[in-house]
1. In sequence order, what are the phi-derived ³J(HN,Hα) couplings for segment 107-115 according to the Karplus relation 6.51 cos²θ - 1.76 cosθ + 1.60 with θ = phi - 60°, rounded to whole Hz, with x for glycine and proline?
2. Given a 1.4 angstrom probe, what's the average accessible area per residue across the chain, in square angstrom?
3. Sort 107-117, 9-19 by packing, meaning the average of other beta carbons within 10 Å per residue, with the highest value first.
4. Against the longest principal axis of the chain, how steep is helix 3-27, in degrees 0 to 90 to the nearest 10, with axes from Cα atoms?
5. Counting only helical runs of four or more DSSP H residues, what would the 222 nm mean residue ellipticity of the chain come to if each run contributes -39,500 (n - 2.57) and the total is spread over all its residues?
6. Run the paramagnetic zone check for C90: 7 angstrom along Cα to Cβ, then residues of segment 1-44 with backbone nitrogen under 20 Å.
7. Give me the number: length gained by fully extending W71 to L183, i.e. 0.36 nm times residue separation minus the C-alpha to C-alpha distance, one decimal in nm.
8. What does the charge count around L6 come to, taking other residues whose C-beta lies under 12 Å from its C-beta (Lys +1, Arg +1, Asp -1, Glu -1)?
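The values are calculated or read from the model by the stated rules, or taken from the named source; none is laboratory data. Nothing here was measured: the structure is a model prediction, and the numbers come from that model. Note that we place each Cβ from the backbone using ideal geometry, even for glycine, and neighbour counts take in every protein chain shown. Note: areas computed on protein heavy atoms with side chains; ligands, DNA, RNA excluded. Shrake-Rupley method; radii C 1.70, N 1.55, O 1.52, S 1.80 Å.
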Amino acid sequence: MSCAGLCFIALGLSMDAFAVAVLKGMARPRPSWREAVAVGAYFGFFQAMMPGLGYLLGSSLYGFIEAYDHWIAWGLLSLIGTGMIRESLCSREEEPDPSLSVCTMLLLATATSIDAMAAGVTFAFLSVPLLPEMVLIGATTFLLSAAGVKAGAVFGGPLRSRAGLFGGVILMLMGVKILMEHLTAI
């Protein structure tokens with residue numbers, strides 16, 4: 001997979017965390033940079049670690065599903081992307097929670113990084129170098145989440161819904177690209 005492709009995946013995976021960070025910024029009257037960095041650190045760390053777990057899982061199963069790995073990669077990225085798009089198009093308005101407690105942030109960081117674990121499974125199937133991608137995903141998520149807290153205080157709701165839509169489309173397109181590369185190489 002190309003460097004640009006890996007960057008797009010990192011960007012797409014970070015959009016869930018960005019959207020939640022925007023919510024945190026909306027809920028806090030004037031979030032400080034310290035609060036923004038804390039939110040970015042939670043999300044960035046979990047987004048960086050989860051692909052490693054997925055990679056271990058995918059590596060252990062690779063011998064059994066090698067002939068279908070491209071279909072699985074496409075399916076996982078399509079499912080993640082579809083979920084992100086569907087969630088971004090739902091018009092349910094919820095009151096943002098201002099809490100930055102450890103318990104709240106651990107729960108949110110875990111919830112927003114499950115898709116990164118699924119991407120890690122895909123990385124194992126595609127033999128993507130894991131450590132650089134984990135660092136890229138973590139750094140991208142950290143930066144966008146910290147910025148999202150500050151942007152949420154200023155721009156609010158429209159930014160949140162577009163982030164999920166954008167991230168979902170990116171992941172779906174990457175899945176199609178992986179599938180097309182395999183099918184045209186046969």
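1. Once rounded to whole Hz, the list reads 5, 5, 5, 5, 4, 7, 9, 4, 5.
2. Working: 9350 Å² over 186 residues.
Each residue of the chain exposes 50 Å² on average to a 1.4 Å probe.
3. On the way: 107-117: 21.2, 9-19: 27.4.
Final packing ranking: 9-19, 107-117.
4. Relative to the chain, helix 3-27 is tipped by roughly 20 degrees.
5. On the way: 6 runs with 158 residues, N = 186.
Using -39500 (n - 2.57) per qualifying helix, the result is -30500 deg cm²/dmol.
6. 13-27
7. Values: separation 112, 0.36 × 112 = 40.32 nm, distance 0.99 nm.
Value of the extension gain: 39.3 nm.
8. On the way: positive: K177; negative: E133.
Once all neighbours under 12 Å are counted, the net charge is 0.
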